[in-house]
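Below you'll find the structure, written out as C-alpha coordinates, and then a few comments.
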Amino acid sequence: MKVFVFPGQGAQFTGMGADLYKESVLARNLFEQANDILGFRITDIMFTGTDEDLRQTKVTQPAIFLHSVILSKTLDKKEQPDMTAGHSLGEFSALVAAQSLAFEEGLKLVYQRALAMQKAGEQNPGTMAAILGLSNETVEEICAKIDDIVVPANYNCPGQIVISGTLTGIDAACEQLLAAGAKRALKLKVGGAFHSPLMESARTKLAEAIEATKFDAPICPVYQNVSTVGEKDPATIKANLIAQLTAPVKWTQSVQHMIADGAKQFTEIGPGAVLQGLIKKIDDTAILNGIS
(Lines give C-alpha, C1' and ligand atoms only; values in the text may rest on other atoms or scores of the structure.)
Protein backbone atom coordinates (compact mmCIF):
# COMPACT_ATOMS: atom_id res chain seq x y z
CA MET A 1 0.00 0.00 0.00
CA LYS A 2 1.20 3.49 -0.90
CA VAL A 3 1.41 6.36 1.58
CA PHE A 4 1.88 10.05 0.83
CA VAL A 5 3.56 11.89 3.72
CA PHE A 6 3.99 15.66 4.04
CA PRO A 7 6.64 17.61 5.98
CA GLY A 8 6.09 20.33 8.57
CA GLN A 9 7.80 23.51 9.64
CA GLY A 10 11.57 23.51 9.32
CA ALA A 11 11.76 21.98 5.84
CA GLN A 12 11.70 25.36 4.05
CA PHE A 13 14.54 26.64 1.86
CA THR A 14 15.10 29.65 -0.40
CA GLY A 15 14.06 28.80 -3.95
CA MET A 16 11.42 26.28 -2.92
CA GLY A 17 8.80 25.89 -5.62
CA ALA A 18 10.60 28.10 -8.18
CA ASP A 19 11.24 25.30 -10.69
CA LEU A 20 7.70 24.04 -10.23
CA TYR A 21 6.36 27.52 -11.03
CA LYS A 22 8.41 27.68 -14.25
CA GLU A 23 7.70 24.17 -15.48
CA SER A 24 3.99 23.65 -14.81
CA VAL A 25 1.06 25.81 -15.90
CA LEU A 26 -1.13 24.18 -13.25
CA ALA A 27 1.43 24.96 -10.56
CA ARG A 28 1.83 28.55 -11.74
CA ASN A 29 -1.93 29.11 -11.66
CA LEU A 30 -2.19 27.68 -8.15
CA PHE A 31 0.73 29.77 -6.88
CA GLU A 32 -0.87 32.94 -8.30
CA GLN A 33 -4.20 31.96 -6.76
CA ALA A 34 -2.40 31.62 -3.43
CA ASN A 35 -0.87 35.09 -3.80
CA ASP A 36 -4.38 36.48 -4.29
CA ILE A 37 -5.82 34.58 -1.32
CA LEU A 38 -3.03 35.64 1.04
CA GLY A 39 -2.98 39.25 -0.12
CA PHE A 40 0.80 39.31 -0.68
CA ARG A 41 3.22 37.64 -3.08
CA ILE A 42 4.40 34.71 -1.02
CA THR A 43 6.01 33.34 -4.18
CA ASP A 44 8.54 36.19 -4.13
CA ILE A 45 9.58 35.22 -0.59
CA MET A 46 9.66 31.50 -1.43
CA PHE A 47 11.70 31.92 -4.60
CA THR A 48 14.14 34.70 -3.67
CA GLY A 49 13.62 35.60 0.00
CA THR A 50 16.25 35.29 2.71
CA ASP A 51 16.39 32.48 5.24
CA GLU A 52 15.21 34.99 7.84
CA ASP A 53 12.20 35.93 5.71
CA LEU A 54 11.25 32.31 5.28
CA ARG A 55 11.71 31.52 8.98
CA GLN A 56 8.78 33.72 10.04
CA THR A 57 6.00 31.37 11.08
CA LYS A 58 3.40 33.38 9.13
CA VAL A 59 5.44 32.77 5.96
CA THR A 60 6.94 29.34 6.66
CA GLN A 61 3.68 27.49 7.17
CA PRO A 62 1.80 28.61 4.05
CA ALA A 63 5.02 28.29 1.99
CA ILE A 64 5.55 24.65 2.95
CA PHE A 65 1.84 23.90 2.52
CA LEU A 66 1.88 25.40 -0.98
CA HIS A 67 5.02 23.58 -2.07
CA SER A 68 3.70 20.25 -0.81
CA VAL A 69 0.12 20.52 -2.04
CA ILE A 70 0.93 21.95 -5.47
CA LEU A 71 3.51 19.19 -5.98
CA SER A 72 0.89 16.57 -5.13
CA LYS A 73 -1.58 18.15 -7.57
CA THR A 74 0.93 17.91 -10.44
CA LEU A 75 1.34 14.15 -10.01
CA ASP A 76 -0.25 11.69 -12.43
CA LYS A 77 -3.88 11.13 -11.45
CA LYS A 78 -3.13 7.40 -11.39
CA GLU A 79 -0.82 8.07 -8.44
CA GLN A 80 -3.47 8.04 -5.73
CA PRO A 81 -2.41 7.17 -2.17
CA ASP A 82 -3.92 4.42 -0.05
CA MET A 83 -3.12 6.48 3.08
CA THR A 84 -1.86 9.98 3.85
CA ALA A 85 -0.21 11.58 6.86
CA GLY A 86 1.59 14.81 7.67
CA HIS A 87 3.94 15.96 10.39
CA SER A 88 2.28 18.82 12.31
CA LEU A 89 1.60 21.48 9.64
CA GLY A 90 1.91 18.68 7.06
CA GLU A 91 -1.39 17.26 8.26
CA PHE A 92 -3.20 20.03 6.34
CA SER A 93 -1.35 19.01 3.16
CA ALA A 94 -2.30 15.38 3.83
CA LEU A 95 -5.97 16.34 4.14
CA VAL A 96 -5.91 18.23 0.83
CA ALA A 97 -4.18 15.28 -0.88
CA ALA A 98 -6.88 12.97 0.51
CA GLN A 99 -9.55 15.34 -0.84
CA SER A 100 -11.01 16.04 2.59
CA LEU A 101 -10.10 19.72 2.41
CA ALA A 102 -10.16 22.04 -0.61
CA PHE A 103 -6.93 23.75 -1.65
CA GLU A 104 -8.29 27.25 -1.06
CA GLU A 105 -9.79 26.42 2.34
CA GLY A 106 -6.65 24.58 3.39
CA LEU A 107 -4.47 27.57 2.57
CA LYS A 108 -6.74 29.94 4.48
CA LEU A 109 -6.66 27.69 7.54
CA VAL A 110 -2.88 27.27 7.38
CA TYR A 111 -2.39 31.04 7.20
CA GLN A 112 -4.76 31.61 10.13
CA ARG A 113 -2.93 28.88 12.04
CA ALA A 114 0.42 30.50 11.31
CA LEU A 115 -0.71 33.96 12.42
CA ALA A 116 -2.31 32.56 15.59
CA MET A 117 0.81 30.53 16.48
CA GLN A 118 3.12 33.46 15.85
CA LYS A 119 0.98 35.69 18.07
CA ALA A 120 0.82 33.05 20.80
CA GLY A 121 4.61 32.73 20.66
CA GLU A 122 4.97 36.49 21.14
CA GLN A 123 2.47 36.58 24.02
CA ASN A 124 3.85 33.48 25.77
CA PRO A 125 7.56 33.22 24.92
CA GLY A 126 8.84 29.69 24.72
CA THR A 127 11.03 27.39 22.69
CA MET A 128 11.69 23.77 21.77
CA ALA A 129 14.63 21.37 22.00
CA ALA A 130 15.49 18.08 20.31
CA ILE A 131 16.47 15.32 22.74
CA LEU A 132 18.48 12.42 21.35
CA GLY A 133 19.27 9.06 22.87
CA LEU A 134 16.67 8.63 25.62
CA SER A 135 13.50 6.55 25.88
CA ASN A 136 10.08 8.15 25.66
CA GLU A 137 9.42 7.24 29.27
CA THR A 138 12.57 8.91 30.59
CA VAL A 139 11.85 12.14 28.71
CA GLU A 140 8.23 12.14 29.88
CA GLU A 141 9.20 11.56 33.52
CA ILE A 142 11.80 14.33 33.59
CA CYS A 143 9.53 16.84 31.84
CA ALA A 144 6.78 16.11 34.35
CA LYS A 145 9.11 17.01 37.25
CA ILE A 146 10.07 20.46 35.91
CA ASP A 147 8.32 23.31 37.73
CA ASP A 148 7.77 25.32 34.52
CA ILE A 149 5.74 24.15 31.51
CA VAL A 150 7.72 21.53 29.58
CA VAL A 151 6.12 18.71 27.57
CA PRO A 152 7.07 16.20 24.87
CA ALA A 153 5.98 17.84 21.61
CA ASN A 154 7.18 15.57 18.77
CA TYR A 155 7.73 11.82 18.99
CA ASN A 156 9.79 11.79 15.80
CA CYS A 157 11.40 8.36 15.90
CA PRO A 158 12.83 6.00 18.52
CA GLY A 159 15.46 7.94 20.50
CA GLN A 160 14.43 11.35 19.13
CA ILE A 161 11.87 13.48 20.93
CA VAL A 162 11.35 17.22 20.73
CA ILE A 163 10.25 18.96 23.92
CA SER A 164 8.42 22.26 24.15
CA GLY A 165 7.87 24.79 26.92
CA THR A 166 8.91 28.01 28.61
CA LEU A 167 12.44 29.33 28.12
CA THR A 168 13.49 28.54 31.69
CA GLY A 169 11.66 25.24 31.63
CA ILE A 170 13.47 24.07 28.51
CA ASP A 171 16.84 25.08 30.01
CA ALA A 172 16.12 23.10 33.18
CA ALA A 173 14.83 20.09 31.28
CA CYS A 174 17.82 20.00 28.92
CA GLU A 175 20.20 20.05 31.88
CA GLN A 176 18.40 17.16 33.59
CA LEU A 177 17.99 15.16 30.38
CA LEU A 178 21.71 15.42 29.63
CA ALA A 179 22.44 14.30 33.17
CA ALA A 180 20.13 11.33 32.59
CA GLY A 181 22.19 10.24 29.60
CA ALA A 182 20.83 12.10 26.59
CA LYS A 183 23.36 12.18 23.74
CA ARG A 184 22.27 15.69 22.79
CA ALA A 185 19.81 18.35 23.89
CA LEU A 186 19.69 20.83 21.02
CA LYS A 187 17.61 24.01 21.23
CA LEU A 188 15.70 24.74 18.03
CA LYS A 189 15.30 28.08 16.25
CA VAL A 190 11.53 28.35 16.43
CA GLY A 191 9.06 31.14 17.12
CA GLY A 192 7.36 29.57 20.11
CA ALA A 193 6.59 26.53 22.22
CA PHE A 194 4.59 24.68 19.59
CA HIS A 195 2.44 21.70 20.58
CA SER A 196 2.38 22.77 24.22
CA PRO A 197 -0.13 24.46 26.54
CA LEU A 198 1.52 27.79 25.63
CA MET A 199 -0.33 27.53 22.29
CA GLU A 200 -3.78 27.53 23.91
CA SER A 201 -4.75 30.95 22.55
CA ALA A 202 -3.84 29.79 19.04
CA ARG A 203 -5.85 26.60 19.49
CA THR A 204 -8.93 28.59 20.50
CA LYS A 205 -8.55 30.93 17.53
CA LEU A 206 -8.01 28.14 15.04
CA ALA A 207 -10.90 26.10 16.42
CA GLU A 208 -13.36 28.77 15.28
CA ALA A 209 -11.96 28.74 11.75
CA ILE A 210 -11.85 24.94 11.49
CA GLU A 211 -15.41 24.55 12.74
CA ALA A 212 -16.58 27.03 10.09
CA THR A 213 -14.80 25.18 7.26
CA LYS A 214 -16.28 22.35 5.21
CA PHE A 215 -14.44 19.04 5.44
CA ASP A 216 -15.43 16.05 3.28
CA ALA A 217 -14.85 12.38 3.98
CA PRO A 218 -11.35 11.67 2.57
CA ILE A 219 -10.78 9.22 -0.29
CA CYS A 220 -8.37 7.28 1.95
CA PRO A 221 -7.57 7.16 5.67
CA VAL A 222 -5.61 10.13 7.03
CA TYR A 223 -3.35 9.13 9.94
CA GLN A 224 -3.51 12.09 12.29
CA ASN A 225 -0.87 13.25 14.76
CA VAL A 226 -3.19 13.20 17.76
CA SER A 227 -5.01 9.88 17.34
CA THR A 228 -2.22 8.11 15.34
CA VAL A 229 -4.78 5.98 13.47
CA GLY A 230 -6.47 6.30 10.09
CA GLU A 231 -9.42 8.69 10.22
CA LYS A 232 -12.22 9.17 7.67
CA ASP A 233 -14.93 10.90 9.70
CA PRO A 234 -14.92 14.69 9.07
CA ALA A 235 -16.01 15.55 12.62
CA THR A 236 -13.21 13.45 14.12
CA ILE A 237 -10.69 14.92 11.68
CA LYS A 238 -11.69 18.44 12.72
CA ALA A 239 -11.45 17.65 16.43
CA ASN A 240 -7.98 16.11 16.02
CA LEU A 241 -6.78 19.03 13.91
CA ILE A 242 -7.85 21.47 16.63
CA ALA A 243 -6.30 19.41 19.43
CA GLN A 244 -3.03 19.14 17.52
CA LEU A 245 -1.91 22.68 18.42
CA THR A 246 -1.49 21.89 22.11
CA ALA A 247 -0.97 18.11 21.84
CA PRO A 248 2.17 16.19 20.86
CA VAL A 249 2.85 15.07 17.30
CA LYS A 250 2.94 11.28 17.61
CA TRP A 251 4.77 10.60 14.39
CA THR A 252 6.46 7.38 15.48
CA GLN A 253 3.16 5.89 16.58
CA SER A 254 1.40 7.03 13.40
CA VAL A 255 3.99 5.41 11.15
CA GLN A 256 3.85 2.22 13.19
CA HIS A 257 0.06 2.10 12.79
CA MET A 258 0.31 2.69 9.04
CA ILE A 259 2.78 -0.17 8.70
CA ALA A 260 0.58 -2.43 10.83
CA ASP A 261 -2.31 -1.55 8.49
CA GLY A 262 -0.35 -2.60 5.41
CA ALA A 263 1.76 0.42 4.39
CA LYS A 264 4.82 -0.59 2.35
CA GLN A 265 5.86 2.42 0.28
CA PHE A 266 6.20 5.95 1.67
CA THR A 267 6.52 8.94 -0.66
CA GLU A 268 7.48 12.25 0.95
CA ILE A 269 5.98 15.16 -1.01
CA GLY A 270 7.35 18.62 -0.29
CA PRO A 271 10.62 20.33 0.62
CA GLY A 272 13.41 18.26 2.14
CA ALA A 273 13.68 14.61 3.11
CA VAL A 274 13.33 14.73 6.89
CA LEU A 275 10.37 12.36 7.08
CA GLN A 276 12.12 9.73 4.98
CA GLY A 277 14.95 9.73 7.51
CA LEU A 278 12.57 9.40 10.44
CA ILE A 279 10.56 6.60 8.81
CA LYS A 280 13.76 4.68 8.07
CA LYS A 281 14.62 4.82 11.79
CA ILE A 282 11.12 3.63 12.70
CA ASP A 283 11.17 0.72 10.21
CA ASP A 284 14.27 0.06 8.10
CA THR A 285 12.30 -2.22 5.76
CA ALA A 286 10.04 0.58 4.51
CA ILE A 287 10.36 1.56 0.84
CA LEU A 288 11.08 5.29 0.69
CA ASN A 289 11.18 7.97 -1.98
CA GLY A 290 10.64 11.68 -2.23
CA ILE A 291 9.18 14.24 -4.61
CA SER A 292 10.50 17.74 -4.05
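Before moving on, here are some points about what is shown:
- Check on Ile242, farther than 30 Å from Ala193 by Cβ, out of contact with any His (no Cβ under 6 Å at 6 or more places or on another chain) and modelled with pLDDT of 95 or more: no
Here is a yes/no grid of residues against (1) over 25 Å from Glu32 (Cβ atoms); (2) assigned by TED's automatic domain parsing to the domain that holds Asp53; (3) of a type outside the set (Gly, Ala, Ser); (4) under 15 Å from the mean Cα position of the chain (by Cα):
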| residue | (1), (2), (3), (4) |
| --- | --- |
| Glu79 | no, yes, yes, no |
| Val96 | no, yes, yes, yes |
| Phe103 | no, yes, yes, no |
| Cys157 | yes, no, yes, yes |
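- The residues on offer are Thr60, Thr84, Thr74, and the sole one that is over 18 Å from Phe4 (Cβ atoms) and not acidic (Asp, Glu) is Thr60.
- Residues in the range 239-273 that are buried (at least 18 other Cβ atoms within 10 Å of the Cβ) and either of a type in the set (D, E, K, R) or outside the structural domain of Ser100 (by TED's automatic domain parsing) (or both): Lys250, Glu268.
- Residue under evaluation Thr168, criteria (1) closer than 11 Å to Gly126 by Cα; (2) touching a strand residue (DSSP E or B) at 6+ places or on another chain (Cβ under 7 Å); (3) among the β-branched types (Val, Ile, Thr), criterion not met: (2)
- From Gly10, Gly106, residue being at pLDDT below 95 and either of a type outside the set (Val, Ile, Thr) or buried (at least 23 other Cβ atoms within 10 Å of the Cβ) (or both): Gly10
- Against the conditions (1) part of a loop (DSSP other than H, G, I, E, B); (2) under 20 Å from Met199 (Cα atoms), Pro81 satisfies every one except (2).
The values are calculated or read from the model by the stated rules, or taken from the named source; none is laboratory data. Just so it is clear, the model here is predicted, and its values are computed rather than measured. Glycine also receives a Cβ, built like all others from the backbone with ideal geometry; neighbour counts cover every protein chain displayed.
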